[in-house]
1. Where does each of 136-144, 193-201, 9-17 land if you order them by average Cβ count within 10 Å, highest first?
2. Just to verify a number: FRET efficiency for residue 27 and residue 208, C-beta to C-beta distance, R0 = 41 Å, to 0.05?
3. Starting from the Cα gyration tensor of region 181-257, multiply each eigenvalue by 5, take the square root, and state the resulting semi-axes largest first in whole Å.
4. How large is Rg/Rh for the chain, to two decimals, with Cα atoms and a Kirkwood Rh?
5. So how do 108-119, 19-30 stack up, highest first, on mean other-Cβ count within 10 Å?
6. Sorted from largest down, give the three principal axis spans of the alpha carbons of region 1-116, whole angstrom values.
7. Taking the Cβ of residue 23 as the center, what net charge do the other residues with Cβ under 13 Å away carry, scoring Lys and Arg +1 and Asp and Glu -1?
8. Which residue, 89, 38, 232, has the most motion in a Gaussian network model of the chain that connects Cα atoms within less than 10 Å?
Amino acid sequence: MRVDVVSLFPEFVAQVAGHGVVGRAQERGLLSIHGWNPRDFATGNYRRVDERPFGGGPGMVMLIDPLRDCIQAAREADPAPATVIYLSPQGERLTQAKVRELAGRDRVILLCGRYEGVDERLVAAEVDEELSIGDYVLSGGELAAAVLIDAVARLQAGALNDSESAAQDSFEPADDAGSLLLDCPHFTRPVEHELGTVPAVLMSGNHADIARWRRQQALGRTWLRRPDLVDPSTLSKADRQLLDAFLAESASDPSST
Ligand code: 9WO
């Protein structure tokens, strides 16, 4: 997968691209990230990339032409067609389902705004999708682009060292209906600690019991913390029973979650 990032601060994104799972995915040739700076496509002595907004008000708006030429250069750097994604709070919310869809594409161009944003005519002409990583305002789209790249990189086949870990993480499908679950709790040594004891089932060596307990915890925590993610009517009978048992137990011991 190829990701081109159009940004006045491409070093922001280079930071993400050089470390951890994303860096390793690049080293393994699973992903390539390329930065493009609209400033390099600005003309005139001052190489302006922004101007004051028509209608007045605070802040600056990014000019059409440097952005358009920059996006065009990014497109032409590879023959594969690219969709342009603008990261902004006005976008559709990024979900793990959307991340999975993006991870399957050959290439995307991520457009990062600064100041008050980009001229709306550039958005209308060049942007295919607008995505938001959450309902808050940042000082630019770069951190949102970095979040998207990280989420997409770890889904590239071979990016993670343990191929199981992607499937077991939070937000992987819960059932045939495709509903989503949060992660179960994790424990490591020591078994006995002044902060508590590791649940006995995890020490039992019974892999079926452990898998059932983990799924029950995932179902229960999702139901309690993110009821918007669980529709009990789409759960399998086995999941339903696990959740009912979890809720019966947590009613008698509210400290258990
Ligand atoms: C800046 C500003 C300054 C003065 C008055 C109003 C203002 N609004 C903004 C603003 O919204 N700037 C944005 C900064 C323009 C587009 C890029 N920026 C951005 C992207 N901030 N937050 C995001 C973002 C992207 C994806 N998901 C969540 C947030």
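1. Most protected by this proxy first, the peptides run 9-17, 136-144, 193-201.
2. 0.60
3. Working from the Cα gyration tensor, I get semi-axes of 23, 14, 11 Å.
4. Ratio of gyration radius to Kirkwood radius for the chain: 1.08.
5. 108-119, 19-30
6. Projected onto the principal axes, the Cα atoms of region 1-116 cover 46, 31, 27 Å.
7. +1
8. 232
All of the numbers you see were taken from the coordinates with simple rules; none came from a lab. Values in this document were obtained by computation on a predicted structure and should not be read as measured data. Cβ: placed from backbone, ideal geometry, glycine included. Neighbour counts: every protein chain shown.
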